[in-house]
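Here is the structure we will look at.
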Amino acid sequence: MEEKVAARVLTKYLKKGNMARCLRDILPSSGLSKEQREEIAGIVHDVVRWKRLYEHIIDSRGLEHSPETYVKLAQNGSQADASSYPFEYRYSCSSYVANVLKDHGEWAEFLNETPPTTLCVNFNKSTIDDVMSILQQETLPAERSLLTTAILTSSISKYSKVIQQRFAHVQDESSQLVSLLTASLGESIIDYCAGNGGKSLAIASITRNGKKLHAYEMNAAKRTTLKRRCSEYNANVTVEDNPSEKKYDVVLVDAPCTGLGVARRNPEAKYVEGPSDLPQTQVSILKQAAGNVNAGGVLFYAVCTMTPEETTQVIQAFVKKNGFTLSPFDDLPHKEFLLKNKYGAFTTLPRGDLFFLSVLKKEQ
């Protein structure tokens, strides 16, 4: 049964792309148990994660290009024999991504791992001990993270009481690290590209609602979700309906990007052919957000990717003309999880996604 439903999902994916949407369109109405749905999602993730490699295997062996063939290759662990293949097949990525990763074999290996599901504990409604206890009562895995805010578990935990009662939300460790660093940088904060609010919720939790926290999201539907979630999680966040004209100690810009650093969760990111116009968008957002930074305040740039065009080159282009200087990470908490370079740092949490971060200080 699981193989047949996985093949249905893949039939749709191979025609239309967007793995997450294909899973959402088929699994909830499949009549299967939570455990069966998670098993199918795992098969689909494996196929998408290794799609470029599987295509190469199918072509070289003269196999049929069918969803059923992809499922069999995934179930047989065909990627285990790929060590002698060219880089883009061995790590199943586009030639562009292979070029980005060619000097970082450890990143290429990491992006093909199956990640844990990570929870961010909501300290405004619960404690880490209580969340751990509930998960254990539900016979769900629960492992303390290297961060005091996070618990490592499995994907089935998204059905847990701790999620239903808003005692925690699903959020990767590295995203929580961004929130921890943001909270340490000043007293008034705006989450400038807040999306559905994951980092806003984390900052409100970390600070026990002790900071002046604002958030803005240009997409109206996401902004509605953001407001609802802040209310449900007892997060004291002022959600701005329009771009703010106020000044803040810290402006967090978690900018749109290729998402290569979260390819463990969204393996489609490994097949991008380039950054498109994202670097121009990122510089433009930084320029807009710069107007909201107090004199002596901080503009904090974060992207979940490693492409040079979206990381070091964006910061290099921005600092040349905008009255900001690069600030070292020396005085920040958790700097042991940062690999510093001239323009910022890459996150190095052993179980977390790969982010690039840069702290930019506004001149007095």
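So the values come out like this:
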item: Which listed residue is within 15 Å of ASP254 (Cα to Cα), at pLDDT 95 or above, buried (at least 19 other Cβ atoms within 10 Å of the Cβ) and among the aliphatic types (A, V, I, L, M), from ALA183, ALA168; result: ALA183
item: All positions within the range 196-214 that are free of Cβ contacts under 8 Å to residues at least 60 places away in the same chain and small (Gly, Ala, Ser); result: GLY197, SER200, GLY210
item: Exclusive hit being loosely packed, with under 12 Cβ neighbours inside 10 Å, hydroxyl-bearing (Ser, Thr, Tyr) and modelled with pLDDT under 95, set SER78, SER83; result: SER83
item: Filtered residue count, the range 9-27, keeping only those that are crowded, with 17+ Cβ neighbours inside 10 Å and not aliphatic (A, V, I, L, M); result: 3
item: From the options LYS270, LYS222, LYS212, residue that is among the basic types (Lys, Arg) and under 19 Å from GLU309 (Cβ atoms); result: LYS270
item: 2 or more residues of a type in the set (Asp, Glu): qualifying helices (runs of 4 or more DSSP H) within the range 1-119; result: 2-16, 34-49, 51-61, 105-110
item: Boolean, LEU252 is at pLDDT below 95 and either among the β-branched types (Val, Ile, Thr) or in contact with a helix residue (DSSP H, G or I) (Cβ under 9 Å, 6 or more places away or on another chain) (or both); result: no
item: Single condition GLY296 does not satisfy, out of (1) at pLDDT 95 or above; (2) in a strand (DSSP E or B); result: (1)
item: Residue list for the range 301-317, filter: polar (S, T, N, Q) and surrounded by fewer than 24 Cβ atoms within 10 Å (Cβ to Cβ); result: THR312, GLN313, GLN316
item: Scan of the range 133-157 for residues that are assigned to a loop (DSSP other than H, G, I, E, B), under 21 Å from the mean Cα position of the chain (by Cα) and not hydrophobic (A, V, I, L, M, F, W, C), ordered by number; result: SER145, THR148, THR149, SER154
item: Matching residues in the range 158-196 - criterion: being assigned to a strand (DSSP E or B) and within 16 Å of VAL303 (Cα to Cα); result: ASP191
item: Spans of strands (runs of 3 or more DSSP E) in the range 197-266 with at least 1 residues in contact with a Lys or Arg (Cβ under 7 Å, 6 or more places away or on another chain); result: 238-240, 248-254
item: Hey, GLN75 out of contact with any Gly (no Cβ under 6 Å at 6 or more places or on another chain), touching a residue at least 60 places away in the same chain (Cβ under 8 Å) and in the same structural domain as SER60 (by TED's automatic domain parsing) or not; result: yes
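The values are calculated or read from the model by the stated rules, or taken from the named source; none is laboratory data. Keep in mind it's a predicted model, so treat the numbers as computed, not measured. Note that each Cβ is placed from the backbone with ideal geometry, even for glycine, and that neighbours are counted across all protein chains shown.
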